[in-house]
Amino acid sequence: MIYTHKIYRLIVIGSLFSCVIPGMAQAGGFGLIENSASGQGNAYAGAAAHVTDASTIFFNPAGMMQLEGDSISIAGHFIMPDASFTNNGSVHGTPGVGGPLTTADDDGGVNAFVPNFYWVKTIDEQMKFGLGVQTTFGLATEYKKGWTGQYHAVETDLKTVNLNPSIAYQVNDKLSVGGGLDFVIGEIIFTSAIDFSNLNPALPDGFADLTADNYSDPGLGFNFGLQYEIDMNTIIGASFRSEIDLDFSGDADFTVPVPGFPDGGLTSTVTLPASLALSVAKKMDKITYLADITWTGWSSFDELRIVYDSGVPSPTVTTEDWDDTFRYSVGFDYQYSDKMVLRSGLAYDETPIPSPERRTARIPGNDRTWLSFGLTYMLDDQSSIDVGYSHLFIDDTEINNTLETINSGLNATLTGTYTASVDILSVQWNKKF
């Protein structure tokens, strides 16, 4: 047990410092589905119904009742994006008035490592307790200073850590239910250049460095789910997660050639959206067929507003107007031998971004198609290893976004195309007690 506690501490510490998710790799918007290596292998198809390990705490807490005894799962995900921007008419200031932006194009993708930890403890024959530590939302893009879109974004970094205690209860032979709380802390970093050279060619550009966190005021949400066994080979599952408001406070640091941009405090609120997943798992001989549809309420993200404590400058506002989305997935598990399970899956993940005008360099996402493969290998009767791999095919992404400030001379427009793809490799260790 001492060994287990040490592992737990390492995972928590790793989560606090490693949850940086490439902006093009999100599961729609800035959501993150990479919370299990076993699920990675079949594109997370049927995740609310199909239970293989303790990561069910995230996907459907009711699934803990399918696990024998106590268990832990520790996973790590290596996310490797490629997101290259090509300029196609970006301009300084008000469209039709400012001159062209002709500086270098760039790739905003950054590699990342994301860990997860899950622990399930049996209370009695009808009840289990679970604890998950994971990231449900996050993003990162980073460009070189001086790139074409530097007035829109240089560095963007949203990190969150979700502490998720849960309870599951076996109602009867066919029905189990579960629920839990979500305690979310996070931090944000937004940096960008300020286009003073467009107002006066004799002036150098300025730079804004905005940082904030909610460590003193964690966001609070809830989740619940159920699983119903239609027959001994067929299970359906449903899982819901609530909206969570994260109230950030922090500091604004401006490097500018003119007065009117004092350093000081800032506040901002980010609403993490609600989601609802419906899944089915059907076992036929050695194959378990899986399917899933997940709705995410991204329409709650209507704007990103940053308010400065001094009132100067005026609030920084980015209109988002995002749409609700659906994610569709199908897959299977194949019991290749007593020691090995093979997996594959396919998913289609909609973007919530409604148009090129609402797409930003901070979150330049688009629709994506997942192709996934994976396996589980039993090391012994009590432990196993999961490996999952996904390639994300992302549609070419058009952007035509104009900054929103009260001074039209600062409102550069970024126009062009992102060409992107993502590779994800996941590894997980599971132990039963």
Unmet criterion (only one of (1) more than 24 Å from the chain's Cα centre (by Cα); (2) in a strand (DSSP E or B); (3) surrounded by 19 or more Cβ atoms within 10 Å (Cβ to Cβ)) for S166: (1)
Cross-chain or 6+ apart pairs with Cβ under 7 Å, segment 287-315 first and free of Cβ contacts under 8 Å to residues at least 40 places away in the same chain, then basic (K, R) and in a strand (DSSP E or B): T294/R327; P315/R305
Can you tell me which of I188, I236 is part of a strand (DSSP E or B), more than 30 Å from S310 (Cα to Cα) and in contact with a Ser or Thr (Cβ under 9 Å, 6 or more places away or on another chain)? I236
Residue, nearest to the chain's Cα centre (by Cα), within segment 269-279, restricted to residues that are assigned to a strand (DSSP E or B) and surrounded by fewer than 20 Cβ atoms within 10 Å (Cβ to Cβ): T271
Among the residues of segment 298-326, write down those that are among the polar types (S, T, N, Q), surrounded by fewer than 18 Cβ atoms within 10 Å (Cβ to Cβ) and assigned to a strand (DSSP E or B). T318, T319
Note: among S329, S344, S384, just one is buried (at least 22 other Cβ atoms within 10 Å of the Cβ) and closer than 22 Å to P81 by Cα, namely S329
Do we have D367 as farther than 30 Å from D217 by Cβ, over 26 Å from the mean Cα position of the chain (by Cα) and acidic (D, E) here? no
Selection from segment 246-268 of residues that are surrounded by 15 or more Cβ atoms within 10 Å (Cβ to Cβ), β-branched (V, I, T) and part of a strand (DSSP E or B): T267
Do you know which residues across segment 327-357 are assigned to a strand (DSSP E or B) and not hydrophobic (A, V, I, L, M, F, W, C)? R327, Y328, S329, G331, D333, Y334, Q335, R343, S344, G345, Y348, D349
From the set of residues in segment 352-375 that are under 19 Å from T156 (Cα atoms) and either free of Cβ contacts under 8 Å to residues at least 24 places away in the same chain or of a type in the set (S, T, N, Q) (or both), which is surrounded by the fewest Cβ atoms within 10 Å (Cβ to Cβ)? N366
Just to be sure before I move on: is F78 crowded, with 24+ Cβ neighbours inside 10 Å, aromatic (F, W, Y) and either in contact with a strand residue (DSSP E or B) (Cβ under 8 Å, 6 or more places away or on another chain) or at pLDDT 95 or above (or both) in the structure I sent? no
Assuming P204 fulfils every condition listed in (1) touching a helix residue (DSSP H, G or I) at 6+ places or on another chain (Cβ under 7 Å); (2) free of Cβ contacts under 8 Å to residues at least 60 places away in the same chain; (3) under 24 Å from G265 (Cβ atoms) apart from one, which condition is it? (3)
Looking at the structure I just gave you, is S390 crowded, with 18+ Cβ neighbours inside 10 Å, farther than 24 Å from A193 by Cα, among the hydroxyl-bearing types (S, T, Y) and in contact with a helix residue (DSSP H, G or I) (Cβ under 9 Å, 6 or more places away or on another chain)? yes
So which residues in segment 371-409 are touching a Gly at 6+ places or on another chain (Cβ under 7 Å) and not charged (D, E, K, R), if there are any at all? S372, F373, G374, L375, V387, G388, Y389, I399, S408, G409
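The values are calculated or read from the model by the stated rules, or taken from the named source; none is laboratory data. The shown structure was predicted, so the numbers you read here are calculated from the model rather than taken from an experiment. When we count neighbours, we look across all protein chains shown, and the Cβ atoms used for this are built from the backbone with ideal geometry, even at glycine.
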